[in-house]
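**Student:** My structure is below; once you've seen it, I'll send some questions.
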Amino acid sequence: MRVGFYQFSPEFGAPDANRERIASVLADTEADLVVFPELATSGYLFTSKEELAEAAEPIPGPTTGLLQRVAEEREVFAVVGLPERDGERFYNSAVLVGPGGVLTRYRKAHLFFEEKLYFQPGNTPFPLCEVRGVTIGLLICYDHMFPEAARTLALQGAQVIAHPSNLVMPGRGQLTTRVRAMENRVFWVLANRWGVEERGAKKLRYTGESHVVSPEGAVLAKAPAEGDALEVVEIDPAQTLDKRVTKLNDLFEDRRPDLYRV
Ligand code: ACM
């Protein structure tokens with residue numbers, strides 16, 4: 001399976017331009033699955049709920065419709081972060097879209113910083129779905145700080161974690177995602193954004209360094225801290241089915257849930 005990421009710097013408040021860009025990258029990429037950043041259609045740094053309402057869209061909606069058309073033409077799958085509107089509620093969501101439309105949707109469960117002012121936390125289970133016989137799990141950005149989230153997906157059979165992000169703490173997510181990949185023996189595709197977003201008195205610098213990580217925690221492809229970057233690598237998802245780390249140690253069989261209080 002060929003998996004990869006597209007790291008870029010979405011333009012704030014320009015959903016049409018951002019989604020066209022995502023669609024054109026997807027159309028030009030030789031891959032089975034491409035992961036794009038968190039809130040990739042809208043930008044991240046909202047200063048009011050009105051701004052979010054302007055940018056948010058239903059699922060299915062304009063972004064998933066456009067991506068489905070590309071997916072049908074190119075027989076490709078995409079994971080994209082976007083602001084979702086459901087009635088009067090807004091979610092920081094990610095979708096997995098393929099030739100048949102939306103395969104799954106995830107509403108971010110762990111909201112980071114001022115996301116709490118604008119979004120509802122998701123309350124649905126961490127989602128899994130099949131792409132070409134491979135089980136894909138979805139998480140969004142700050143979820144990386146909660147080992148339970150990745151573990152939940154891995155215990156249910158996730159082989160690849162797709163992780164749209166807007167990371168702002170240098171080095172942290174790039175470290176934890178390697179650890180999460182290694183401790184669960186899964187592949188991990190971190191699609192982070194880069195650049196500075198300045199909106200009124202608010203300013204954030206995003207850390208780039210998107211990567212694809214192997215079940216051993218090795219970095220198979222990596223983007224720089226700044227700049228647009230598209231990377232695709234060939235992976236063998238069957239590697240994730242074997243959770244042994246020595247002849248006598250299997251990471252899942254050695255767990256001691258009888259001792260854990262989580
Ligand atoms: C984040 O969750 N966007 C840091």
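Bear in mind that the values in this text are calculations on the coordinates, not laboratory data. Predicted, not measured: the structure shown is a model, and the values here were computed from it. As a convention, Cβ positions derive from the backbone with ideal geometry for all residues, glycine included, and neighbour counts pool all protein chains shown.
**Student:** Write out, first by first residue and then by second, each pair whose Cβ atoms fall under 8 Å of each other, whose residues are 6+ apart or on separate chains, and whose first residue, in segment 58-75, is over 14 Å from S42 (Cβ atoms) while the second is among the aromatic types (F, W, Y).
**Tutor:** If the second residue must be among the aromatic types (F, W, Y), the pairs left are A71/F77.
**Student:** In segment 149-177, how many residues are more than 16 Å from V3 (Cβ to Cβ) and not small (G, A, S)?
**Tutor:** Qualifying residue count for the region: 13.
**Student:** Name, by its number, the condition in (1) in contact with a helix residue (DSSP H, G or I) (Cβ under 7 Å, 6 or more places away or on another chain); (2) surrounded by 24 or more Cβ atoms within 10 Å (Cβ to Cβ) that does not hold for R151.
**Tutor:** Failing condition for R151: (2).
**Student:** Among the residues of segment 119-140, which ones are away from the ligand (no atom under 12 Å from the Cβ) and within 20 Å of D32 (Cα to Cα)?
**Tutor:** Matches in segment 119-140: P127, L128, C129, E130, V131, R132, G133, V134, T135, I136, G137, L138.
**Student:** Right, something else. For segment 171-188, which residues satisfy the criterion of being part of a loop (DSSP other than H, G, I, E, B) and touching a helix residue (DSSP H, G or I) at 6+ places or on another chain (Cβ under 8 Å)?
**Tutor:** R185, V186
**Student:** Restricting to segment 141-183, and then to whatever is within 16 Å of L33 (Cβ to Cβ) and among the β-branched types (V, I, T), can you tell me which residue is nearest to the ligand (Cβ to nearest atom)?
**Tutor:** Among residues in segment 141-183 that are within 16 Å of L33 (Cβ to Cβ) and among the β-branched types (V, I, T), the one nearest to the ligand (Cβ to nearest atom) is I161.
**Student:** Another question, then. Kindly indicate whether N249 is on the phi < 0 side of the Ramachandran plot and free of Cβ contacts under 8 Å to residues at least 12 places away in the same chain.
**Tutor:** yes
**Student:** Restricting the search to segment 212-244, which residues are free of Cβ contacts under 8 Å to residues at least 40 places away in the same chain and in a strand (DSSP E or B)?
**Tutor:** Of everything in segment 212-244, those that are free of Cβ contacts under 8 Å to residues at least 40 places away in the same chain and in a strand (DSSP E or B) turn out to be V213, L220, K222, R244.
**Student:** Could you give every pair whose Cβ atoms fall below 6 Å, whose first residue belongs to segment 111-127 and is more than 14 Å from Y44 (Cβ to Cβ), and whose second residue is of a type in the set (D, E, K, R) and assigned to a loop (DSSP other than H, G, I, E, B), counting only separations of at least 6 or pairs across chains?
**Tutor:** Pairs found: G122/K108.
**Student:** Within segment 27-46, identify whether any single residue is surrounded by fewer than 18 Cβ atoms within 10 Å (Cβ to Cβ), assigned to a helix (DSSP H, G or I) and over 18 Å from the mean Cα position of the chain (by Cα), and answer yes or no.
**Tutor:** yes
**Student:** For segment 117-153, name all the residues that are hydroxyl-bearing (S, T, Y) and more than 21 Å from T207 (Cβ to Cβ).
**Tutor:** Listed by number, the residues that qualify are Y118, T124, T135, T152.
**Student:** Moving to a separate point now. Might you check whether a residue that is without any contact (Cβ under 8 Å) to a residue 12 or more places away in the chain and of a type in the set (V, I, T) occurs anywhere in segment 180-194?
**Tutor:** No.
**Student:** Any chance segment 101-119 includes a residue that's in contact with a helix residue (DSSP H, G or I) (Cβ under 6 Å, 6 or more places away or on another chain) and at positive phi?
**Tutor:** Within segment 101-119 (the criterion being in contact with a helix residue (DSSP H, G or I) (Cβ under 6 Å, 6 or more places away or on another chain) and at positive phi), the answer is yes, since at least one residue qualifies.
**Student:** Select, from A78, A56, A94, A109, the only residue that is surrounded by 23 or more Cβ atoms within 10 Å (Cβ to Cβ) and within 16 Å of the ligand (Cβ to nearest atom).
**Tutor:** It is A94.
**Student:** Further question on the same structure: Looking at A71, is it part of a helix (DSSP H, G or I), over 24 Å from D228 (Cα atoms) and either touching a Ser or Thr at 6+ places or on another chain (Cβ under 8 Å) or more than 16 Å from the ligand (Cβ to nearest atom) (or both)?
**Tutor:** Spelling it out, it is not the case that A71 is part of a helix (DSSP H, G or I), over 24 Å from D228 (Cα atoms) and either touching a Ser or Thr at 6+ places or on another chain (Cβ under 8 Å) or more than 16 Å from the ligand (Cβ to nearest atom) (or both).
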